């Protein structure tokens, strides 16, 4: 979702390609396996026949290549370091904590809820009185953080809390971001996310495997809510087809760079 | 160590401040706790009264602020994305695998050894015939990867393998890097690292806590081999005192920026 939002903000036209199954290697497309043989994960951006993997790395790449379009990253090195710090904080701390909201029960879930709310308050504190984490402009840190918010409703229902009550300013920011086309066109309906989780939970009732639960929910950071249909939990490989900076892009089928060939 | 090497490569003068104990919060300095209240971890770079945390973020900051000096990062967005990808790969995969080489025994240690060697071969493959991961120049990816190599001798002794035999080209790269002042002045003697580990292992023989073992070894990615003395496993907070780009730096004691004040 991060990459989709960034591309929409930049006005970059892409050809999306969905993965039908991003969990079972045997069901993954040849394109994905060849493009990202190390992690075998989406998202992958293919540009000029080269692949770029990992959402944050793709965001930085997009901002560096399409410099003429709205900049996602501040030009100030300290602001850039600060944005990177909070994205790293989110990826390391909040993502794993959010997983526990799904994968655990009872006391463990309660502890995860407390920790999760504490993390949200840290973020709310970082937001302060600014309209966006990026300051006056919707920027990289906003793009990195906003996707998780489509799961807030589900977290609240399953773990019995209210983000609105705990972090009202953070929710103001969520509503502000959702007024942007790039966000509203990308994030799925929170109610559909919730319905999807309930369905998966039913199927998982007889399973003791937390990993299976996580995987089938499609609720790790890279995949949550990417799909409207319950049976499709894949995300996207995508190729830039509008290429305003670096010459014509190549075909998806020609995506075989030296690094990936060699592995 | 990454930050020290980068500063030496750039020729930036800094005032180092050692942490005597980076594991017990109660023993950490006020400066560290105030500078990095989120993670309470070293390294921290203090520049113009602002703190920058997390080694990779600090490296990018250094390269962006001191642009006149030798650039650590390629100007090409794809090369930058590629470097970020492999650093991310190292931090996510190799670091945790290396921990298992210490913290596990028997079959689990054997599996970790196999996985570790597989990762090294992936890196060797990425190096290819280039003198450095950065191509013709010692660059960001080299800086990020080289610190772990001072532990190779210890890994080999404890887990019975030879990096030289398994990955000869990677070892050529290690020797090439060690000919640089920035690296040789920063990395500790591998034999001293090994002696230190043996001493810690003796102390830990009666402990079942892997976390304690890891912590007391000082062998997480941020701390390994930073110290020459067995009883000192801390790393560094540092302040830039030569400031070629952005005006005079402030005193260490004045390091209180808004973000950290607020948390």
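Where a number appears in this text, it was derived from the coordinates with a stated rule and is not lab data. Remember, predicted model here, so these are calculated numbers, not experimental data. No Cβ is skipped: glycine too gets one built from the backbone with ideal geometry, and neighbour counts run over all protein chains shown.
See the values below:
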quantity	calculated
Gain upon complete extension [residue A:69, residue A:179; 0.36 nm per residue less C-alpha separation]	37.6 nm
Packing rank of B:170-183, A:61-74, where each peptide gets the mean count of other beta carbons within 10 Å, highest leading	A:61-74, B:170-183
Computed over segment A:19-156, Kirkwood Rh from alpha-carbon pairs, angstrom	17.2
Estimated FRET transfer efficiency (residue A:16, residue A:95; beta-carbon r; R0 25 Å; 0.05)	0.60
Shielding by partners, peptide A:85-96 (average Cβ within 10 angstrom, other chains)	2
At 7 Å out from Cα toward Cβ: residue B:96 inter-copy label distances (nm, ascending)	0.8
Segment A:89-139: radius of gyration over Cα atoms, expressed as a fraction of 2.2 N^0.38 Å	1.36
Within 10 Å of each Cβ in A:74-84, the average number of Cβ atoms from other chains	6
At R0 = 51 Å, FRET efficiency that the Cβ-Cβ distance of residue A:201 and residue B:137 yields, to 0.05	0.45
Peptide B:126-137 - average C-beta neighbours from other chains (10 Å radius)	1
Cβ-derived FRET efficiency at R0 41 Å, residue B:79 paired with residue B:162, nearest 0.05	0.80
